[in-house]
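Heads up: the structure comes next, in structure tokens.
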Ligand SMILES: Nc1ncnc2c1ncn2[C@@H]1O[C@H](COP(=O)(O)OP(=O)(O)OP(=O)(O)O)[C@@H](O)[C@H]1O
Ligand SMILES: [Mg+2]
């Protein structure tokens, strides 16, 4: 007891939601201390890191010739190990208190069903970034805990966490994932669908920031009241002879909703497949408990309504959907002895039960 108090004065336990789009950090006893885009800006010639997070995102799409902006995460897993190490080191250091001299213990959320190589990549990266010990937890479990679903109870709860790279669908009971699916379709795929639409229908080339902006301003999955109906978009219009000129045009919410149909239907299909596999008793629970949506993608207006219509289950967006996973990690950090006391590969769900 005394020893653990002593160590916690010099060290800290940290929860990291290492997302494709955003990284959030919760420090035990302090709450969420960091929330920044998962972006790194590098000097093209030397490979040296110029900026990380919010600062680096501002350079995205606008970088001068010698700056390269990189997203080290793709589809929820590490795509560029070297850059991911640098990014994690920066975020961990920025999150820590001044007096902490010992390396921190870290818990990181990872997509459901990632393979051994992907698992090891996250563990290695966290160690290289300065973690003393690393534990991993499946993202949908963390998300369900974070939105306060009764995961430890003998009843079925369903969470759908729609991130930038993946959508994680899971049915959880007695602290364990009973059925789940992770599909590589989330907010990024929505942005791509908007980009493709603008090119195909309007011959307008737009960047990823513009596509995301369109989605957030007039994107929807269902026609909802009080929505902005149109907006102006600027890009480069491609001419017939391969030339292009800057152009601004007006687009409508209706056309963007249609453009978003493909990724939206993919997410709904994953929800339905998971329900199809579910045991009858748990299916019965879900009739009462419904479906909870989390992750940034759940903020797309009308997505809850579409899922509700297609499953017949009450569907509700969590209060702070972007914080669901990191809040879940914060809850898990409240029982450090159980969490870090068990072997590295043990199921976190079993620990949460006790
Ligand atoms: N108001 C909004 N409407 C629609 N989409 C939104 C809105 N706000 C944020 N998003 C989208 O949410 C996504 C980011 O969500 P989140 O931070 O949960 O992802 P992530 O955790 O980084 O990704 P992953 O879990 O796949 O690794 C982005 O695609 C972003 O465009
Ligand atoms: Mg996420």
Restricted to region 12-24 and to residues being more than 13 Å from ligand 1 (Cβ to nearest atom) and either in contact with a helix residue (DSSP H, G or I) (Cβ under 8 Å, 6 or more places away or on another chain) or not in a loop (DSSP other than H, G, I, E, B) (or both), the residue farthest from residue 90 (Cα to Cα) is 13
The residue from 290, 341 that alone is loosely packed, with under 13 Cβ neighbours inside 10 Å and within 23 Å of residue 176 (Cβ to Cβ) is 341
Of the candidates 292, 272, the one satisfying the condition of being out of contact with any strand residue (DSSP E or B) (no Cβ under 7 Å at 6 or more places or on another chain) and modelled with pLDDT of 95 or more is 272
Restricting attention to region 25-65, the residues that are farther than 20 Å from residue 78 by Cα and assigned to a loop (DSSP other than H, G, I, E, B) number exactly 11
Taking region 327-346 and keeping residues in contact (Cβ under 8 Å) with a residue 40 or more places away in the chain and part of a helix (DSSP H, G or I) leaves 327, 328, 329, 330, 331, 332, 336, 337, 339, 340
Reported set for region 141-162 where residues are within 16 Å of ligand 2 (Cβ to nearest atom) and either part of a strand (DSSP E or B) or surrounded by fewer than 24 Cβ atoms within 10 Å (Cβ to Cβ) (or both) is 159, 160, 161, 162
Of 73, 59, 21, 87, the only residue that is within 16 Å of ligand 2 (Cβ to nearest atom) and farther than 22 Å from residue 162 by Cα is 87
The condition from (1) assigned to a helix (DSSP H, G or I); (2) away from ligand 1 (no atom under 16 Å from the Cβ) that residue 135 misses is numbered (1)
Residue pairs within 8 Å by beta carbon, gap of at least six or interchain, first lying in region 185-211 and not assigned by TED's automatic domain parsing to the domain that holds residue 169, second in a helix (DSSP H, G or I), listed first then second, are none
inquiry  = Residue under question is residue 138, and the condition is that it be touching a strand residue (DSSP E or B) at 6+ places or on another chain (Cβ under 8 Å), within 16 Å of ligand 2 (Cβ to nearest atom) and in the same structural domain as residue 112 (by TED's automatic domain parsing); does it hold?
reply    = yes
Every listed condition ((1) more than 15 Å from ligand 2 (Cβ to nearest atom); (2) outside any helix (DSSP H, G or I); (3) modelled with pLDDT under 95) holds for residue 93 save (2)
**Asked** Do the conditions hold for residue 120, that is, is it outside the structural domain of residue 311 (by TED's automatic domain parsing) and either crowded, with 20+ Cβ neighbours inside 10 Å or within 14 Å of ligand 2 (Cβ to nearest atom) (or both)?
**Response** no
Of 270, 294, 253, 283, the only residue that is touching a residue at least 24 places away in the same chain (Cβ under 8 Å), within 11 Å of ligand 1 (Cβ to nearest atom) and either on the phi < 0 side of the Ramachandran plot or within 21 Å of the chain's Cα centre (by Cα) (or both) is 294
Just a yes or no: is a residue in region 179-201 assigned to a loop (DSSP other than H, G, I, E, B) and more than 19 Å from the chain's Cα centre (by Cα)? no
Test residue 213 against the stated conditions and say whether it is over 30 Å from residue 62 (Cβ atoms), outside any loop (DSSP other than H, G, I, E, B) and more than 16 Å from ligand 2 (Cβ to nearest atom). no
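A quick yes/no check of all residues on (1) within 16 Å of ligand 2 (Cβ to nearest atom); (2) in the same structural domain as residue 254 (by TED's automatic domain parsing); (3) not in a helix (DSSP H, G or I):
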position	(1), (2), (3)
282	no, yes, no
293	yes, yes, yes
301	no, yes, yes
308	no, yes, no
313	no, yes, yes
Just wondering, is there one or more residues in region 201-215 that are farther than 27 Å from residue 347 by Cβ, modelled with pLDDT of 95 or more and exposed (fewer than 15 other Cβ atoms within 10 Å of the Cβ)? yes
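The values are calculated or read from the model by the stated rules, or taken from the named source; none is laboratory data. Being a predicted model, the structure only gives us computed values, none of them experimental. Note: ideal-geometry Cβ built from the backbone for every residue, glycine included; neighbour counts use all protein chains shown.
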